[in-house]
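Working notes, structure below.
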Amino acid sequence: MGVDAAVVKAHVRDIPDYPEPGIMFRDITPLLAAPDVFSGAVDALAAPFEREQIDKVVGIEARGFILAAPIALALGAGFVPVRKPGKLPWDTHAHSYELEYGTDTLEVHRDALSADDRVLIVDDVLATGGTALAASDLAEKLGAQVLGISVFIELGALGGRSRLGARATHAVLML
Ligand code: AMP
């Protein structure tokens, strides 16, 4: 990557017990505020997929949007938002998935991806993997091909990567 991994790591702020007790929240706002580091992180997220002829980069609401949009431009691809229920104005396709307690749902516009689109999924943090898997399932149900998943931070102890199957999963920082 164009910037040092230690510098990138130093721009992630750890916030204990947010949003609830026992969670160590990885806050990327210091990184977003430092243009050279932000730019280096975007390059590092995009680089493994430069030769994959990506057509669409799917960003997951909300922090995934911030990273996915510049990655899409870097790869010469379009940007597609995957959002929480009720936020997208056009016809949507929804996918519900299990959380530790209860379920959550993500939606995408039905016309946002077409069959044979080559897709990269992007988010800030890979934890249990449920969110990235749900976004992949949405894209695949619309007929697209998920070439990979690129996340800024992977929380390795939670084993999310193993839920993503054969899809190429790339993380800039392993914490
Ligand atoms: P998961 O579905 O468990 O992989 O959780 C990933 C989603 O939750 C991503 O969209 C992250 O933005 C968010 N997330 C989960 N854990 C954290 C964390 N420790 N710090 C920041 N965001 C997190």
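Checking every residue in region 152-166 against the condition of being within 15 Å of the ligand (Cβ to nearest atom), in a strand (DSSP E or B) and within 16 Å of Val58 (Cα to Cα) gives at least one match. Please determine, by comparing only the residues of region 132-151 that are within 10 Å of the ligand (Cβ to nearest atom) and assigned to a helix (DSSP H, G or I), which one is nearest to Asp111 (Cα to Cα). Restricting to residues being within 10 Å of the ligand (Cβ to nearest atom) and assigned to a helix (DSSP H, G or I), the top hit is Ala135.
The criterion of at least 2 residues that are in contact (Cβ under 8 Å) with a residue 60 or more places away in the chain is met by the following strands (runs of 3 or more DSSP E) wholly inside region 17-131: 56-60, 118-126.
Of everything in region 42-71 that is small (Gly, Ala, Ser) and more than 15 Å from the ligand (Cβ to nearest atom), the residue that is farthest from Asp116 (Cα to Cα) is Ala44. Restricting attention to region 14-70, the residues that are touching a Pro at 6+ places or on another chain (Cβ under 7 Å) and surrounded by 21 or more Cβ atoms within 10 Å (Cβ to Cβ) add up to 2. Every condition in (1) within 16 Å of the ligand (Cβ to nearest atom); (2) at negative phi is met by Gly129 except one, and the failing one is (2).
In the set (1) exposed (fewer than 12 other Cβ atoms within 10 Å of the Cβ); (2) farther than 19 Å from Leu120 by Cα; (3) not hydrophobic (A, V, I, L, M, F, W, C), His11 fails one condition alone, (1).
If the condition is being buried (at least 18 other Cβ atoms within 10 Å of the Cβ), among the hydrophobic types (A, V, I, L, M, F, W, C) and over 13 Å from His93 (Cβ atoms), then region 112-139 contributes Val119, Leu120, Ile121, Val122, Val125, Leu126, Ala127, Ala132, Leu133.
Each reported figure results from applying straightforward, stated rules to the coordinates on display, with no laboratory input. Everything quoted here is computed from the prediction, not taken from an experiment. Glycine also receives a Cβ, built like all others from the backbone with ideal geometry; neighbour counts cover every protein chain displayed.
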